[in-house]
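Derivation of every value follows stated rules applied to the coordinates shown; laboratory data play no part. If you're wondering where the values come from, they're calculated on a predicted model, not measured in any experiment. Note that we place each Cβ from the backbone using ideal geometry, even for glycine, and neighbour counts take in every protein chain shown.
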Amino acid sequence: MKKWTVVLMYSTLFGVTYIYRHELAVWSQESPPVWMLFALSTLLALFPVMPYKIVIAAAGYVMGTWIGGTVIMFGSTLAGAIVYWAAAIFRNSASGWLTRFKQVERLAEYAANRPFRTIVICRLIPVVPQTAVNIYAGVTGMSFIPFIVGSLVGKMPAVFIYAYVGSAAEEQPVTAAAIAIAYFVILFMGLWGYKKLRGHRSLR
């Protein structure tokens, strides 16, 4: 997937969140309990029937940046843990399903000695299929603690940025959009620099 395609896709998601801000306002007035949002965030991470960034933005709109972001972060991490253990138990079937994701195959050379760093980087990169990362960790027997802690650390920037975008979508749409765009520009510049650095080292 091209980088500009990713930027366009997430810009569209922001637009959809802004368009449906009134519908979200109606839901927020009903004061949904935290446990319901937690269960919903876990369920939608397990069965992604809609882009998860919309779920994060909606949670931020309903419960604010910090509460909504925290609930989403732990709900999605719980979903990742469930997939991890399912992949570890049903290893043969999961391994066959994993072969369709070429990006994940490249993790092998890094994950063996740097599981925590590998998971953090995978969570930061929006084009890496997160379900495939969860399955890969379970299939390969990656230690559970580095997997979970790396997932929390890697998810944190994007989750709270999108939660803020959702919380500010109605009153400060320009500011929210600017922050989302700035995040992706910084992220892609960092990835570009990292690739250049690795390429330079490989020539030595």
Q. With r defined as the distance between the Cβ atoms of V185 and R114 and R0 fixed at 25 Å, what FRET efficiency is calculated, to the nearest 0.05?
A. 0.40
Q. Under the Karplus relation 6.51 cos²θ - 1.76 cosθ + 1.60, θ = phi - 60°, what is the ordered set of whole-Hz ³J(HN,Hα) values for region 74-90, x standing for Gly and Pro?
A. 6, x, 5, 5, 4, 4, x, 5, 4, 5, 4, 6, 5, 5, 5, 6, 9
Q.
As an exercise, use a Förster radius of 22 Å and the Cβ-Cβ distance of I67 and V174 to find the FRET efficiency, rounded to the nearest 0.05.
A. 0.35
Q. For the peptides 115-124, 157-166, 140-149, what is the packing order when you average, over each peptide's residues, the other Cβ atoms within 10 Å and list the highest mean first?
A. 157-166, 115-124, 140-149
